[in-house]
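**Q** Before anything else, here's the structure in question.
The values are calculated or read from the model by the stated rules, or taken from the named source; none is laboratory data. Note that the coordinates shown come from a computational prediction; the quantities given were computed from them, not determined experimentally. Cβ placement follows ideal geometry from the backbone for every residue including glycine, while neighbour counts extend to all protein chains displayed.
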Amino acid sequence: MKRVVVGLSGGVDSSVTAYLLKEQGYEVIGLFMKNWHDDSVTISDECPWLEDSNDAMIVAEKLGIPFQTVDLSAQYKERIVDYMFNEYEKGRTPNPDVLCNREIKFDVFMDIALSLGADYVATGHYCRKSEEVIDGKKVYKLLAGKDGNKDQSYFLCQLSQEQLSKALFPVGELLKPEVRAIAKEADLITADKKDSQGLCFIGKVRLPDFLQQKLQPKKGKIIQVPADHLGYQIPEPNFDSKAEELAFKAQKYVYKPTDGKVVGEHQGAHYFTKGQRKGLAVGGTKEPLFVIETDVEDNVIYTGEGKNHQGLYRKVLLVKDEEVHWVREDLKLAVGETMEVMARIRYRQALEKATLYQTNEGLYVAFDNNQSAIQEGQFVAWYKNEELLGSGVIS
């Protein structure tokens, strides 16, 4: 009997994960991760992790499996929360869920599981894993979940071969309604529980409140840039190389306060992110304003009217070499090589056609179509068919 430790989160997906593995004859242990102590910034009045750990415990009892809670809040603060503050301070937008999987669930948590003699760690992610022997070596593949509506492979885009080798994703083969039906059938308390929202393991957080713990509010100007801004009309020069063309197209628009008119005030540029519409509190325009750029140095937010504003769109982005991660290390590109892929720059985004170009500057991802609100700090992930091949931090 192989031993598997399930990250029981108190939700329906991880509950069914534990149930299915037990049915398959594994020796199952349930562990709940406590990653957060500070309830002052969570939106709900009740203490979300307490309720979740309680539900996880009741599920473990029902399934007759050992259960314990592990406190990872120190590591979570250091690896996720501090990183988030750092990124927002620089005017970038981090993705804590991707990091939480790489740094906490499949690193710190996995080490604890292995110290308990586990052969595998299982989570309730909607994704699948397969393996193939290529050139005499076992290669693990990360595949999209069967439920296209719930596919969470993007959140696991930073996993390594080593981490994948020890991971199991039983619900990845199922559709969400099937998972709920199994939970009902097995009489699990979580069968009708709503899916958790918000930050990985923290729950719903008011982001400005959360960031205000470290990043002080400071008043600044909101500037509206017109649709016919001269910066959008620069003709393309003649390029000597593909790399030169990609570098030109990957540049973001640079604005100065005289490029538009002041339409309002904000409490801190680092609380805003490109593509954001809510929280600007500026009226009087026909269409809503969207953030097209933030300048954290000078504390200015640049906005454009309407979701089709030119300032929101680019086709090409760069991932610096040290930020490129191949799940499939055997497919890594050498300088000068290209690969046609499907890619996304955020979770829930439909996959879009793109080409990867490996250059001396790093890896360029050139989309066939314009992409809205390409944001530094977020992850771009690329796929072939159903398989996630790699990812990187947008620079």
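**Q** Regarding the stretch 264-272, can at least one residue be identified that is surrounded by 20 or more Cβ atoms within 10 Å (Cβ to Cβ), closer than 27 Å to ALA381 by Cβ and modelled with pLDDT of 95 or more?
**A** No, that holds for no residue.
**Q** Need the failing condition index for GLU297 against (1) crowded, with 17+ Cβ neighbours inside 10 Å; (2) under 26 Å from PRO217 (Cβ atoms), just the number.
**A** (1)
**Q** Go through PHE201, PHE169 for me and flag whichever is outside the structural domain of LYS307 (by TED's automatic domain parsing), modelled with pLDDT of 90 or more and among the aromatic types (Phe, Trp, Tyr). Outline the logic, then answer.
**A** On the way: PHE201 fails: modelled with pLDDT of 90 or more.
PHE169 is the lone residue from the list that is outside the structural domain of LYS307 (by TED's automatic domain parsing), modelled with pLDDT of 90 or more and among the aromatic types (Phe, Trp, Tyr).
**Q** Then there is this: Could you grab me the full set of residues in the stretch 224-254 that are farther than 30 Å from HIS266 by Cβ and among the aliphatic types (A, V, I, L, M)?
**A** Once the filter is applied, which keeps residues that are farther than 30 Å from HIS266 by Cβ and among the aliphatic types (A, V, I, L, M), the stretch 224-254 yields ALA243, LEU246, ALA247.
**Q** Another question, if that's okay. Would you call GLU322 part of a helix (DSSP H, G or I) and at pLDDT 95 or above? Spell out how you get there, then give the answer.
**A** Values: part of a helix (DSSP H, G or I): yes; at pLDDT 95 or above: yes.
So GLU322 fits the description; yes.
Results for (1) outside any strand (DSSP E or B); (2) crowded, with 20+ Cβ neighbours inside 10 Å; (3) of a type outside the set (A, V, I, L, M, F, W, C), shown as yes or no for each residue.
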| site | (1), (2), (3) |
| --- | --- |
| TYR83 | yes, no, yes |
| CYS100 | yes, yes, no |
| ILE104 | yes, yes, no |
| VAL108 | yes, no, no |
| ASP111 | yes, no, yes |
| ALA118 | yes, yes, no |
| GLY124 | yes, yes, yes |
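**Q** Which residues, counting only those in the stretch 260-317, are more than 20 Å from GLU87 (Cβ to Cβ) and of a type in the set (Asp, Glu)?
**A** GLU265, GLU287, GLU305, listed by residue number.
**Q** Taking strands (runs of 3 or more DSSP E) that do not extend beyond the stretch 217-314, which have at least 2 residues that are over 24 Å from ASN369 (Cα atoms) and either in contact with a Ser or Thr (Cβ under 9 Å, 6 or more places away or on another chain) or among the aromatic types (Phe, Trp, Tyr) (or both)? Before you say what the answer is, go through the steps one by one.
**A** Working: elements: 220-224, 261-266, 289-295, 300-305.
Once the strands (runs of 3 or more DSSP E) in the stretch 217-314 are filtered for at least 2 residues that are over 24 Å from ASN369 (Cα atoms) and either in contact with a Ser or Thr (Cβ under 9 Å, 6 or more places away or on another chain) or among the aromatic types (Phe, Trp, Tyr) (or both), what remains is 220-224, 261-266, 300-305.
**Q** Report, by residue number, each residue of the stretch 243-258 that is under 12 Å from ILE301 (Cα atoms) and buried (at least 17 other Cβ atoms within 10 Å of the Cβ).
**A** If the condition is that a residue be under 12 Å from ILE301 (Cα atoms) and buried (at least 17 other Cβ atoms within 10 Å of the Cβ), then TYR255 is the only one that fits.
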